Amino acid sequence: MLKRILQDFLREEGVVMAGVVGKDGFAIEYVSNGDVDIEAVAAMTAATIGTAERAGKEVGRGETNQVIMEYKGGNILIAPLSDEEVVVVVTDGTANLGKIRYEIKKNREKIKSAL
Amino acid sequence: MGEILDIGRLAFLEMVRDSIRTSGAAAVKGQLIRRALRLSEEIPEVEYKDMDEYEEAVKAKENPITKIEGVAIREGNLFYLPACPFAPTIKNYKQLLSKLPEEFSELAEEFNKPSRITEELKIGHGSGVSAFCPIHQSLRAAVGRRIKVGGKRIKIYQLGCKSANGNKAISDKLVSEFGVDREVVDKILDKAMCVYGIKLEEV
């Protein structure tokens, strides 16, 4: 079920990887269109979301909704699902960032219930 | 501050503290467990004919697990450590700073929360007392995967630990899964800092 939901992300233009990882940096499930070192992605996702959450608290901005990292060749989007898990989506430069953000929000509860 | 400080240990602890502060305890817990898993890959696989031969290797300090934590004492299928292998590190830190940083309690708390990796390794789940338990318990569990006894792989269950100030932490979940009375673990912790059980599983 979880894999199927993640595969829907891959149907979006420009998405090369979608996964769910624990905040401890261990991968739970992922799908990709190419070679992805999921262990590395999961570890860095955990560090990134951890840092984002700490920064938000530090400056009194509350809970983290999403973390978006934009690069010349694409984007990485990370969004918390719960206290324990996050969803991470990696895109190339052709992806519609707004659409991916919307898809993450739309599928959040569905992913959570599939865990 | 009469003794020479080990600045390598101090730097490691300060880095852990800072990482907890900036990246959160969950991320650091994962980092420490991943380091343990990676380090365990460097340990050669060994096989013993039975648990008595396993125990002899412990006493002779040749058992891979002994090499990472010192000599454990056996009581049936339970093993305990009279001293925590991180005691010198803690002592060293306290020589300079009177107490361990608050962030370390946060890490111990995070380590005790249920998670997929700690479930897989049969660690944590209430058995952790300090920031050192994530690396110690996971390294031992991972090294255990590289040991066979009588053709079967050993599976280590972390049952309990005791902090330097005498507070006991026992994992009811892992105690129940292992199949030992909680009171037995509690009694061993009167004389020990760390208790674990070993089961043999078909490969």
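Readers should treat all values here as calculations from the given coordinates under stated rules, not as data from a laboratory. Nothing here was measured: the structure is a model prediction, and the numbers come from that model. Quick reminder, even Gly has a Cβ in these numbers, built from the backbone with ideal geometry, and neighbours come from all protein chains shown.
With the requirement that a residue be in a helix (DSSP H, G or I) and of a type outside the set (Lys, Arg), what does the range B:102-117 give you?
Start the filter on the range B:102-117 by keeping residues that are in a helix (DSSP H, G or I), which leaves B:102-112, B:116-117.
B:Glu102, B:Glu103, B:Phe104, B:Ser105, B:Glu106, B:Leu107, B:Ala108, B:Glu109, B:Glu110, B:Phe111, B:Asn112, B:Ile117, listed by residue number.
One residue is enough: does the range B:81-100 have a residue meeting the conditions within 14 Å of chain A (Cβ to nearest Cβ), without any contact (Cβ under 8 Å) to a residue 24 or more places away in the chain, over 29 Å from B:Asp50 (Cβ atoms) and in a helix (DSSP H, G or I)? Break it down into steps so the answer makes sense when it comes.
The initial filter retains those residues of the range B:81-100 that are within 14 Å of chain A (Cβ to nearest Cβ), namely none.
Checked the range B:81-100: no residue is within 14 Å of chain A (Cβ to nearest Cβ), without any contact (Cβ under 8 Å) to a residue 24 or more places away in the chain, over 29 Å from B:Asp50 (Cβ atoms) and in a helix (DSSP H, G or I).
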**Prompt:** Can you tell me which residues in the range B:1-25 are among the acidic types (Asp, Glu), free of Cβ contacts under 8 Å to residues at least 12 places away in the same chain and part of a loop (DSSP other than H, G, I, E, B)?
**Reply:** none
**Prompt:** Taking the range B:46-60 on its own, how many of its residues are free of Cβ contacts under 8 Å to residues at least 24 places away in the same chain and surrounded by 16 or more Cβ atoms within 10 Å (Cβ to Cβ)?
**Reply:** 3
**Request:** Residues being surrounded by 11 or more Cβ atoms within 10 Å (Cβ to Cβ) and within 14 Å of chain B (Cβ to nearest Cβ): count how many of those fall in the range A:63-98.
**Result:** 10
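Select, from B:Glu75, B:Glu103, the only residue that is in contact (Cβ under 8 Å) with a residue 24 or more places away in the chain, of a type in the set (D, E, K, R) and touching a helix residue (DSSP H, G or I) at 6+ places or on another chain (Cβ under 6 Å).
B:Glu103
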**Request:** Please verify whether the range A:32-46 includes one or more residues that are touching a helix residue (DSSP H, G or I) at 6+ places or on another chain (Cβ under 9 Å), over 18 Å from B:Ser23 (Cα atoms), touching a residue at least 12 places away in the same chain (Cβ under 8 Å) and not in a loop (DSSP other than H, G, I, E, B).
**Result:** yes
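May I ask you to list the residues in the range B:35-64 that are among the charged types (D, E, K, R), more than 14 Å from the chain's Cα centre (by Cα) and part of a helix (DSSP H, G or I)? Please lay out each step first, then the result.
Taking the range B:35-64 and keeping what is among the charged types (D, E, K, R), we get B:35, B:38, B:41-42, B:45, B:47, B:49-50, B:52-53, B:55-56, B:59, B:61-62.
From the residues that got through so far, the ones that are more than 14 Å from the chain's Cα centre (by Cα) too are B:38, B:41-42, B:45, B:47, B:49-50, B:52-53, B:55-56, B:59, B:61-62.
Within the range B:35-64, B:Arg38, B:Asp52, B:Glu53, B:Glu55, B:Glu56, B:Lys59 qualify.
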**Message:** Suppose we filter A:Asn65, A:Asn96 for residues that are in contact (Cβ under 8 Å) with a residue 24 or more places away in the chain and not small (Gly, Ala, Ser); which single one remains?
**Reply:** A:Asn96
**Complete:** By residue number, the members of the range A:3-17 that are crowded, with 18+ Cβ neighbours inside 10 Å and assigned to a helix (DSSP H, G or I) are A:Ile5, A:Leu6, A:Phe9
**Request:** Scan the range B:171-194 for residues that are over 18 Å from the mean Cα position of the chain (by Cα) and of a type in the set (Lys, Arg) and jot them down.
**Result:** B:Arg182, B:Lys187
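Residue-wise test of (1) touching a strand residue (DSSP E or B) at 6+ places or on another chain (Cβ under 9 Å); (2) surrounded by 18 or more Cβ atoms within 10 Å (Cβ to Cβ).
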site: B:Leu107; (1), (2): no, yes
site: B:Arg116; (1), (2): yes, no
site: B:Phe132; (1), (2): no, yes
site: B:His136; (1), (2): yes, yes
site: B:Val143; (1), (2): yes, yes
site: B:Ile154; (1), (2): yes, yes
**Asked** For the range A:18-45, how many residues are surrounded by fewer than 17 Cβ atoms within 10 Å (Cβ to Cβ) and within 11 Å of chain B (Cβ to nearest Cβ)?
**Response** 2
**Request:** Give the residue, chosen from B:Leu81, B:Leu13, B:Leu37, that is in contact with a strand residue (DSSP E or B) (Cβ under 6 Å, 6 or more places away or on another chain) and aliphatic (A, V, I, L, M).
**Result:** B:Leu81
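Tell me whether the range A:4-11 contains one or more residues that are of a type outside the set (Phe, Trp, Tyr), in contact with a Ser or Thr (Cβ under 9 Å, 6 or more places away or on another chain) and touching a residue at least 12 places away in the same chain (Cβ under 8 Å).
Here is the first cut: in the range A:4-11, the residues of a type outside the set (Phe, Trp, Tyr) are A:4-8, A:10-11.
Checking which are in contact with a Ser or Thr (Cβ under 9 Å, 6 or more places away or on another chain) leaves us with A:10.
If we keep only those that are touching a residue at least 12 places away in the same chain (Cβ under 8 Å) too, we end up with A:10.
Yes, that holds for at least one residue.
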**the range B:26-40, subset within 11 Å of A:Ala43 (Cα to Cα) and free of Cβ contacts under 8 Å to residues at least 24 places away in the same chain, residue nearest to the other protein chains (Cβ to nearest Cβ)** = B:Ala27
